[in-house]
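Please read the structure below before turning to the comments.
The values are calculated or read from the model by the stated rules, or taken from the named source; none is laboratory data. It should be emphasised that the depicted structure is a prediction, and the values quoted were computed from it without experimental measurement. Cβ atoms come from the backbone with ideal geometry, glycine included; neighbour counts cover every protein chain shown.
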């Protein structure tokens, strides 16, 4: 492995260290858009919103559904603090579908304050992200058949 073209990625949730290892590149959803990071990137601190994190390494690529949080990149090390980080096979698809339907119904009510609506919007994005990542598992399974 060419260490000059890799950096350390650490993904931490309140429950565990989800991943710690060397990667070539990582892409994630920052608050103001999707960003990509390669080795030797300039120092960065960004707010993350729910989205799909994609990482590429010499050992293989992986995707995770990640919740809101922060990323810090400095000295060729990226540290991500996220509310959750789930691999495609860890997503509870039924729970995510139910949460999505429940939130869409609640958000259609006109009596929500903007603060309530905003909170539900981000919960909805989390449910949608989980469902998208779970579909990646199905795509990989179909490709391997």
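Remarks
- Within the stretch 15-33, the set of residues being more than 19 Å from residue 45 (Cα to Cα) and exposed (fewer than 11 other Cβ atoms within 10 Å of the Cβ) comprises 15, 16, 17.
- Entry remark, the stretch 37-51: residues being outside any loop (DSSP other than H, G, I, E, B) and surrounded by 12 or more Cβ atoms within 10 Å (Cβ to Cβ) number 6 in total.
- Of all residues in the stretch 37-59, none satisfies being out of contact with any strand residue (DSSP E or B) (no Cβ under 9 Å at 6 or more places or on another chain) and under 20 Å from residue 132 (Cβ atoms).
- Test: residue in the stretch 122-131 that is closer than 13 Å to residue 50 by Cβ, in a strand (DSSP E or B), in contact (Cβ under 8 Å) with a residue 24 or more places away in the chain and in contact with a helix residue (DSSP H, G or I) (Cβ under 9 Å, 6 or more places away or on another chain): no
- If you go through the stretch 7-36 and keep only what is part of a loop (DSSP other than H, G, I, E, B), touching a strand residue (DSSP E or B) at 6+ places or on another chain (Cβ under 6 Å) and modelled with pLDDT of 95 or more, you end up with 13, 24.
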